[in-house]
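Just below is one structure, and these are the notes that go with it.
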Amino acid sequence: MGLSSRHLLGLEGVSKEDIELILNTADSFHEVLDREIKVVPTLRGKTIVNLFYENSTRTRISFELAEKRLSASPLNFSSSSSSVNKGESLRDTIQNIEAMKIDMVVVRHGAAGVPHFLTQCTDAVIINAGDGLHEHPTQALLDIMTIRRKLGRLEGLKVAIIGDIFHSRVARSNAWGMSTLGMNVVLCGPPTLLPQPMDSIGVPVTFNLDEALEGADVVMFLRLQLERQASGAFPTIREYRERWGMDTEKLNKLSKNVLIMHPGPINRGIELSSDVADGPKSVILEQVTNGVAVRMAVLYLLGGGENA
């Protein structure tokens, strides 16, 4: 049994069955990561290009580690040291790479729609590692996996996603993927950082933190993109922290079983105080571990791996 699509371009429109297949496969690979020998031969002989046009630490390293754990051969592309600086187009870049007989491409790009565009330029399998203000599907999948492993279920849970929703591909992928699985998602942030139009993502939206947190089983905070303060998106860091940040005092008002999440990197003292980020309700580091398992699952299912 495999996925219904040969690419992973986003979670919008992806079926519940496909998402659950990825999660279940990721659970089996999580067990591999706990072994003394953490390598399996499932993608031996496959060549995977990590085509990153944006800076990344967690996502790039997580994909590369997942590829090596599956015995694939990863090749890392950096636009800063490539022919892109000489004016080479994206189409020419991918077609020249494909001519080297590669099998899969993991792409991260600042422009929305690039992964879909690449499917029209190459026969290789395309996996979206983040495209513009569109989607970041594997981040959402690892978030969902973390929730399921910690709480034992998904359907009916309330998830509050707090922060810069407008610029967040993570928020979009999570909202679409979680809703498909029967979770109740609410988005919250400053009015200037909420999606436009407000109903464009298809889930409830509010700028009132207390309203978003009421009855929440999971609270996910997004990185505040500080460069946007100069554009007047929010008045001051202090006001943002007081109105939309999380500290121990606010945390103590929530359910004792609430999970605190963050896709990283964290602006400590703004989105989360350090005692919350490092506290017992935080599953941030578990998200990172689960990210490797999820990306192993996606690569395996799309790469035609065997003997998992």
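The values are calculated or read from the model by the stated rules, or taken from the named source; none is laboratory data. Quantities reported herein were computed from a predicted structural model and do not represent experimental measurements. Ideal geometry is used to build each Cβ from the backbone, glycine not excepted, and the neighbour counts take in all protein chains shown.
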Open item on the list: So in the range 149-165, with the set limited to residues that are out of contact with any Phe, Trp or Tyr (no Cβ under 6 Å at 6 or more places or on another chain) and among the hydrophobic types (A, V, I, L, M, F, W, C), which one is modelled with the lowest pLDDT?
Closed with: 165
Open item on the list: Would you confirm whether or not the range 174-185 contains a residue that is within 22 Å of residue 237 (Cα to Cα) and surrounded by 20 or more Cβ atoms within 10 Å (Cβ to Cβ)?
Closed with: no
Open item on the list: Condition first: more than 20 Å from residue 259 (Cβ to Cβ) and of a type in the set (S, T, N, Q). Can you find one or more residues in the range 174-197 that meet it?
Closed with: yes
Task: Any chance residue 159 is of a type in the set (Val, Ile, Thr), surrounded by fewer than 24 Cβ atoms within 10 Å (Cβ to Cβ) and not in a helix (DSSP H, G or I) - done: no
Open item on the list: Can you go through 94, 144, 127, 102 and tell me which one is surrounded by 13 or more Cβ atoms within 10 Å (Cβ to Cβ), touching a Ser or Thr at 6+ places or on another chain (Cβ under 8 Å), assigned to a helix (DSSP H, G or I) and not polar (S, T, N, Q)?
Closed with: 94
TODO: Please find, within the range 16-51, the residue that is nearest to residue 200 (Cα to Cα) out of those that are among the small types (Gly, Ala, Ser) and surrounded by 13 or more Cβ atoms within 10 Å (Cβ to Cβ).
DONE: 26
TODO: List the number of the failed condition for residue 276; all other conditions in (1) crowded, with 21+ Cβ neighbours inside 10 Å; (2) of a type outside the set (Asp, Glu); (3) under 24 Å from residue 26 (Cα atoms) hold.
DONE: (3)
TODO: Check 245, 232 and return the single one that is over 16 Å from residue 150 (Cβ atoms) and surrounded by 12 or more Cβ atoms within 10 Å (Cβ to Cβ).
DONE: 245
Task: Listing of helices (runs of 4 or more DSSP H) fully contained in the range 205-308 that carry 1 or more residues being farther than 30 Å from residue 5 by Cα and among the small types (Gly, Ala, Ser) - done: 209-213, 274-277
